[in-house]
There are 2 protein chains.
Amino acid sequence: MQFYNVKSVEETFSIINQNVTPHGATVTLPLHQARGFVLAEDIIAPEDVPGFDRATVDGYAVKAQDTYGSSESNPQFLEVVGEIEMGEEVTRVLEKGQAMAIPTGGMLPPGSDSVIMMEYCENLDGLLNTYRQVAPQENVIQKGEDVQKGAQLLAKGTRLRAQELGVLASLGITEVTVYRPVRVGYFSSGDEIVSYQTQELKVGQVRDINQLTISALIEEWGGEVMFGGIVPDDEEQLKQTAHRLYEQVDFLVMSGGSSIGAKDYMTAVIQSLGDPGVLVHGVSIKPGKPTIFSMAGKKPVLGLPGHPASAMLIFLLFGQTVMRRLQGEAERSLPRRIEARITQNIASSPGRADYIRVRLAKKEGEWWAEPILGKSGLISTLVASDGLVEIASGKEGVRQGERVPVIMLR
Amino acid sequence: MQFYNVKSVEETFSIINQNVTPHGATVTLPLHQARGFVLAEDIIAPEDVPGFDRATVDGYAVKAQDTYGSSESNPQFLEVVGEIEMGEEVTRVLEKGQAMAIPTGGMLPPGSDSVIMMEYCENLDGLLNTYRQVAPQENVIQKGEDVQKGAQLLAKGTRLRAQELGVLASLGITEVTVYRPVRVGYFSSGDEIVSYQTQELKVGQVRDINQLTISALIEEWGGEVMFGGIVPDDEEQLKQTAHRLYEQVDFLVMSGGSSIGAKDYMTAVIQSLGDPGVLVHGVSIKPGKPTIFSMAGKKPVLGLPGHPASAMLIFLLFGQTVMRRLQGEAERSLPRRIEARITQNIASSPGRADYIRVRLAKKEGEWWAEPILGKSGLISTLVASDGLVEIASGKEGVRQGERVPVIMLR
């Protein structure tokens with residue numbers, strides 16, 4: 001296979017980011033089904049949270065001024081005029097010299113401005129002795145302090161985690177408009193590849209692993225898979241399958257035939273889907289060099305290597321980025337690697353990014369990454385790996401004991 | 001609330017690990033539905049992978065010995081006697097002095113022991129000029145080299161990731177016995193708490209946030225939620241709900257009523273579920289001190305604080321550990337924190353673990369964690385947070401610029 005447009009890993013990410021745009025289709029979901037989806041609308045707070053001044057501790061609602069100068073040896077004395085129940089509207093106005101018992105979360109009575117903690121006062125037959133002074137607003141969350149009515153609470157492009165759902169719930173919002181899941185078409189190719197459900201293999205045949213691994217990742221990232229089957233290394237059949245799937249999905253992925261001619265078919269097949277066509281034809285990465293990234297109209301197309309380990313790594317790196325962008329998630333750079341020390345020297349070619357499968361173990365309080373030996377095509381090494389050590393393309397390798405970035409796989 | 005059995009974070013983890021055992025109930029699933037489940041059986045390889053000697057490059061299958069001494073200036077010459085197709089059983093035996101074209105993944109013919117890469121030879125009208133020598137087994141994965149028939153491939157207790165599904169697929173295994181999802185019962189309590197679907201709040205009322213956040217986390221971790229509703233601060237009603245749910249689930253979780261008396265009800269309610277009863281009553285942690293962990297028979301019970309931010313943090317830390325253990329996942333210590341520098345000094349009491357909500361930003365090539373200001377009860381701070389900085393109980397705080405561990409929340 002001749003690679004006519006080999007890019008670095010960084011260039012490939014940049015090409016993906018420049019070309020892939022959100023699919024834009026939305027769906028409205030009840031809150032309890034919206035976890036993991038990406039907001040397609042800004043959320044403006046329809047009301048204040050909290051809707052009233054709330055106590056943050058158990059104690060007594062007071063006027064702060066009435067407690068000034070209080071100490072253990074010199075308490076002030078306030079009249080306890082009532083007890084506030086949770087969930088109850090308080091209408092009685094607190095007057096100077098008065099206090100009311102209040103639980104955490106309870107509503108402050110009008111006229112009060114602070115809460116003195118239970119620990120710092122004593123109710124002696126209706127006479128509250130205050131042993132500390134409090135400041136105005138002390139131990140209180142004010143109306144609207146958490147979320148102010150009319151403020152933008154969440155922006156379009158936010159992925160909804162448990163906490164976003166919680167905040168939406170607090171405002172009485174029960175459904176949200178989100179981007180629908182990304183539809184990903186996938187097919188495997190290769191004359192030797194047979195369904196993984198094949199019980200008895202003929203000599204020379206290999207079961208389709210990529211279907212399982214790639215589909216599992218798509219689903220893990222919230223996408224929907226449309227499986228196009230296993231296609232032999234035949235240009236016409238490959239084209240038919242690719243075009244048929246392409247029409248129905250947002251993102252087309254295939255894993256490469258590995259016979260000598262098939263690799264060239266794949267490029268032609270991908271190119272035939274539409275312009276601008278193949279943008280990346282070969283990536284300076286190990287494993288995974290024979291990767292193709294293309295845009296056919298507004299739809300991204302990713303051609304993965306046939307080797308299961310390579311296909312999975314490439315899909316982990318680039319496929320996830322394509323899916324996030326299609327899904328409309330706002331771009332946000334966040335740290336995604338833990339650090340560990342490497343147990344041995346590893347050489348790497350400058351200009352190429354290497355991803356080394358490792359086991360992780362703690363020794364003397366530090367994490368060490370131990371490369372998993374074995375040829376890179378072995379699927380058993382994938383199962384043993386806890387993570388991938390990344391040797392960026394600028395580096396010529398790493399030395400034993402050096403701190404290296406690790407992409408966690410567990 | 002009097003805490004009569006306050007434990008450190010480390011002690012609480014250790015109590016959970018000592019007491020919570022797998023629920024043990026299994027279910028058999030087709031492979032494509034088994035992602036994220038935990039294996040309930042050891043998997044023994046029923047066959048060799050690969051099932052035949054495979055080429056790892058495109059080139060020519062040869063006898064290594066025939067290439068010895070080859071160089072650019074002094075090639076050896078072999079007779080090309082055929083071309084191997086993918087997925088085809090090869091029966092022709094390679095004789096001394098012969099070579100056969102072979103694609104990556106193709107089956108080596110009997111008699112051959114290695115593959116010379118296309119780049120290092122030239123086929124001139126059926127005469128192969130070899131410009132390098134190869135060693136026996138070079139560019140070959142031997143039969144059974146990846147997975148050996150009869151070997152234990154995966155152990156009981158392994159959580160099935162994409163790669164485990166792939167390896168199972170490669171062996172023709174189409175279904176697996178896994179532990180069924182953990183069933184978690186959850187209810188909210190508090191006189192002021194109303195359903196999050198309530199459109200108009202009365203003054204003093206607060207919508208139930210914890211139902212959404214806790215359920216979302218349970219589902220994210222592969223569990224099933226049974227929601228027991230919102231229970232007022234009444235000992236009898238709390239007991240009834242707790243006992244009813246307890247009977248139907250593997251793990252009972254509740255979030256605490258926050259009225260003064262309710263806190264004591266909760267302990268009594270949890271204790272009433274069975275022996276040994278409450279093991280942790282208060283954790284030295286901020287936020288989240290009023291946490292209760294109990295074992296009622298073989299079922300763990302977790303009482304969360306009422307504050308949404310505290311409830312979520314406690315459930316993230318301890319709830320996930322309880323669920324992993326119930327699910328039967330083999331214990332494996334792995335690094336779970338990234339590192340960043342903290343932007344300001346933060347004081348912490350020795351003996352108490354603190355979890356600080358932070359935003360993360362990269363400055364001059366390094367990640368910095370910036371604490372999110374605001375009272376800890378504010379749910380808006382949860383939404384803004386990318387992660388939690390952990391100040392372990394042994395530390396008295398952190399200094400500006402110090403490297404700190406961060407639990408990622410995005």
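What follows is calculated from the coordinates using simple rules that are stated; it is not laboratory data. Treat the numbers as computed from the prediction; the structure is a model and nothing was measured. FYI the Cβ positions are ideal-geometry reconstructions off the backbone, even for glycines, and counts take in every protein chain you see.
Label point of B:G374 (7 Å along Cα→beta-carbon): distances to the other copies' equivalent points are 4.8 nm, sorted ascending. Placing +1 on each Lys and Arg Cβ and -1 on each Asp and Glu Cβ, with no other charges, gives the range A:54-141 a dipole about its Cα centre of roughly 260 debye.
Inter-label distance, A:S349 to B:K375: 6.2 nm, where each label sits 7 Å from its Cα along the C-beta direction.
Sites listed here are GluC sites (Glu not before Pro) in the range A:331-388 whose DSSP assignment is loop and whose Cβ has at most 15 other Cβ atoms within 10 Å: A:E331, A:E364.
Count the net charge of all other residues whose Cβ sits under 13 Å from the Cβ of B:L302, scoring Lys and Arg as +1 and Asp and Glu as -1. Net charge in that neighbourhood comes out at +1.
Counting beta carbons within 10 Å around each of B:D146, B:D275 and listing the fewest first gives the order B:D275, B:D146.
Classify the range B:54-141: rounded, prolate or oblate, from the alpha-carbon gyration tensor (a ≥ b ≥ c, eigenvalue square roots; a/c under 1.5 rounded; otherwise prolate if a/b is larger than b/c)?
Working: a/c = 1.64, a/b = 1.48, b/c = 1.11.
Taking the square roots of the gyration eigenvalues as a ≥ b ≥ c, the range B:54-141 is prolate.
In whole percents, the pair-distance distribution calculated for the range A:338-408 from its alpha-carbon pairs, binned every 10 Å from zero, is 22, 54, 22, 1.
Based on the Cβ-Cβ distance of A:S272 and B:A151, what FRET efficiency does E = 1/(1 + (r/R0)^6) give at R0 = 30 Å, to the nearest 0.05?
Details: r = 44 Å, r/R0 = 1.47.
Efficiency at R0 = 30 Å is approximately 0.10.
Given +1 on the Cβ of Lys and Arg, -1 on the Cβ of Asp and Glu, and no further charges, what dipole in debye does the protein assembly as shown carry about its Cα centre, rounded to the nearest 20?
On the way: 78 positive and 102 negative charges, 208 e Å.
Using only the charged Cβ atoms, the result is roughly 1000 debye.
Shape class of the range B:191-335 from the Cα gyration tensor (axes a ≥ b ≥ c, square roots of the eigenvalues): prolate, since a/c reaches 1.5 or more and a/b is larger than b/c. For the segment A:153-164, counting C-beta atoms of other chains within 10 Å of every residue's C-beta and taking the mean gives 5. Specify which residue in the list A:I285, A:S114, A:A25 is farthest towards the positive end of the charge dipole of chain A, using unit charges on the beta carbon of Lys, Arg (+1) and Asp, Glu (-1), about the Cα centre. Looking along the dipole axis, the top candidate is A:I285. Gap in Å between the Cα centre of the range B:102-120 and the Cα centre of the range A:190-257? So the separation of the two Cα centres works out to 25 Å. Length gained on full extension, A:E79 to A:Q400: 108.4 nm, using 0.36 nm per residue less the C-alpha separation. Model label points for A:L127 and B:K289, set 7 angstrom from Cα along the Cα-to-Cβ axis, are 3.0 nm apart.
Charge dipole of the range A:338-408 (Cα centre as origin; +1 on each Lys and Arg Cβ, -1 on each Asp and Glu Cβ, all else neutral): 140 debye, rounded to the nearest 20. This ranking places A:M312, A:M86, B:M117 by how few other beta-carbon atoms lie within 10 Å of each, fewest first, which gives B:M117, A:M86, A:M312.
For the range A:86-148, relative contact order (Cα pairs under 8 Å, six or more residues apart, normalised by length) works out to 28 percent.
Centre-to-centre, using Cα atoms only, the range A:1-69 and the range B:121-181 are separated by 42 Å.
Peptide A:190-202 has a mean of 5 when you count, residue by residue, the C-beta atoms of other protein chains within 10 Å of its C-beta. Shielding value for B:48-54 is 4, the average number of Cβ atoms from other chains within 10 Å of each residue's Cβ.
Computed across the protein assembly as shown, the Kirkwood hydrodynamic radius from all distinct Cα-Cα pairs reaches 29.8 Å.
Note on the protein assembly as shown: dipole from Cβ charges, positive end direction compared against A:S380, B:V38, A:T130; the farthest Cα belongs to A:T130.
For the range B:338-408, averaging the sequence separation of C-alpha pairs within contact (under 8 Å, six or more residues apart) and dividing by the residue count gives a relative contact order of 48 percent.
Taking 18 Å as the straight-line reach from the Cα of B:K395, the lysines in range (excluding those fewer than 8 positions away in the same chain) are B:K7, B:K286, B:K289.
Considering all C-alpha pairs of the range B:33-92, those separated by over 16 Å amount to 68%. Taking only the C-alpha atoms of chain A, Rg followed by Dmax gives 30.6, 94 Å.
Our note on the geometry: Cα centres of the range A:292-312 and the range A:264-287, 8 Å apart.
Shape call for the range A:186-249 from the C-alpha gyration tensor, a ≥ b ≥ c root eigenvalues: rounded (a/c under 1.5), prolate (a/b greater than b/c) or oblate? Walk me through the numbers on the way to the answer.
Numbers: a/c = 3.08, a/b = 1.22, b/c = 2.52.
Oblate shape, in that a/c is at least 1.5 and b/c is the bigger or equal ratio.
Applying a DSSP loop filter and a limit of 14 other Cβ atoms within 10 Å to the trypsin sites (Lys or Arg not before Pro) in the range A:20-85 leaves nothing.
Between copies, the label points of A:R332, set 7 Å from Cα on the Cα→Cβ line, lie 2.9 nm apart, reported in increasing order to one decimal in nanometres. Of B:I141, A:I209, A:I270, A:I15, the sequence from fewest to most neighbouring Cβ atoms within 10 angstrom is A:I15, B:I141, A:I270, A:I209.
Sketch the reach of a paramagnetic label on A:S14 as a point 7 Å from Cα along Cα-to-Cβ, and name the residues of the range A:267-310 whose backbone nitrogen lies under 16 Å away. Hits in the range A:267-310 for A:S14 at 16 Å: A:279-281, A:283-284.
Only loop residues by DSSP count here, and only those with at most 16 other Cβ atoms within 10 Å; note down the GluC sites (Glu not before Pro) in the range B:49-99 that meet that. Write down the numbers at each step before the final one.
Details: sites: B:E72, B:E79, B:E83, B:E85, B:E88, B:E89, B:E95; in loops: B:E72, B:E85, B:E88, B:E89, B:E95.
Listed in order of number, the matching sites are B:E72, B:E88, B:E89, B:E95.
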